Amino acid sequence: MSKVMAQGVFDLLHPGHLHYLRESKNLGEKLVVVIARDSRIEKNLYFNEEERREMVQALEIVDKALLGSEESIYDTVEKVSPDIITLGYDQPFETEEVKSMAEEALEKNVDVARIDEKADYSSSDIREHN
């Protein structure tokens, strides 16, 4: 069973998040979503990490939502042991760098896919309009 790992903040769920998660799920059989920890976020959040995890876990397409590491995304990669890691269009990670790190940590082939954006949905833009 192929396992896909997606990650993000998911503070204000919007259609762009749903697109990212659906496209991620389409790449494998099980979707594990890693929610960024409050301590690692530099902007003000509407919801705390546990509330954000609960919202994402409630989505049908998500098999498991868990909180990420307080230290590093790489710790979480070892815990989840995905076959595929997906990145959102706006996530600052380089695909080759993530692939290299994941393969070194897991000692297996890991595919990394960047999911294209759907329209112009952004949590930051939503905040600015309120």
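Every number here is computed from the coordinates shown, using simple stated rules; none is lab data. Remember, it's a predicted structure, so these values are computed and weren't measured experimentally. No Cβ is skipped: glycine too gets one built from the backbone with ideal geometry, and neighbour counts run over all protein chains shown.
Given H placed 1.01 Å from N in the peptide plane, which residues other than close sequence neighbours of residue 85 have an amide H under 5 Å from its amide H?
It is 5, 111, 112, 113, by chain and number.
Do you know the Lys pair count in the chain for C-alpha distances under 27 Å, with sequence separation 8 or more or different chains?
Lysine pairs meeting both conditions in the chain amount to 28.
Which value in deg cm²/dmol, rounded to the nearest 500, describes the helix-derived mean residue ellipticity at 222 nm for the chain, given -39,500 (n - 2.57) per DSSP H run of n ≥ 4 and division by the residue count?
Roughly -10000 deg cm²/dmol at 222 nm, from the helical runs in the chain.
Taking a point 7 angstrom from the Cα of residue 38 along the C-beta vector, which residues in region 45-72 have backbone N less than 19 Å away?
45-57, 66-72
Quote to one decimal, in nm, the extra length available between residue 1 and residue 47 on full extension: 0.36 nm per residue of separation minus the C-alpha distance between them.
13.3 nm
Work out which trypsin sites (Lys or Arg not before Pro) in the chain are exposed loop sites (DSSP not H, G, I, E or B, at most 11 other Cβ within 10 Å) and give the longest gap free of them.
That gives 44-107 as the longest site-free run.
For the charge dipole of the chain, defined by +1 on Lys and Arg C-beta atoms and -1 on Asp and Glu C-beta atoms about the Cα centroid, which residue among 57, 34, 115 has the Cα displaced farthest towards the positive pole?
57
Order by neighbour count: 1, 55, fewest other Cβ atoms within 10 Å first, most last.
Listed from fewest to most nearby Cβ atoms, that is 1, 55.
Going by the alpha-carbon gyration tensor, a ≥ b ≥ c the square roots of its eigenvalues, is the chain rounded (a/c under 1.5) or, if a/c is not under 1.5, prolate (a/b greater than b/c) versus oblate?
Prolate shape, in that a/c is at least 1.5 and a/b is the bigger ratio.
Under unit Cβ charges (Lys, Arg +1; Asp, Glu -1), what dipole magnitude, rounded to 20 debye, does region 1-124 have relative to its Cα centre?
360
How do 20, 74 rank when sorted from fewest to most other Cβ atoms within 10 Å of their own Cβ?
Listed from fewest to most nearby Cβ atoms, that is 74, 20.
Got the relative contact order for region 3-128 handy, in percent, Cα pairs under 8 Å and 6 or more residues apart?
31
Going by C-beta contacts inside 10 Å, put 51, 60 in order with the fewest on the left.
60, 51
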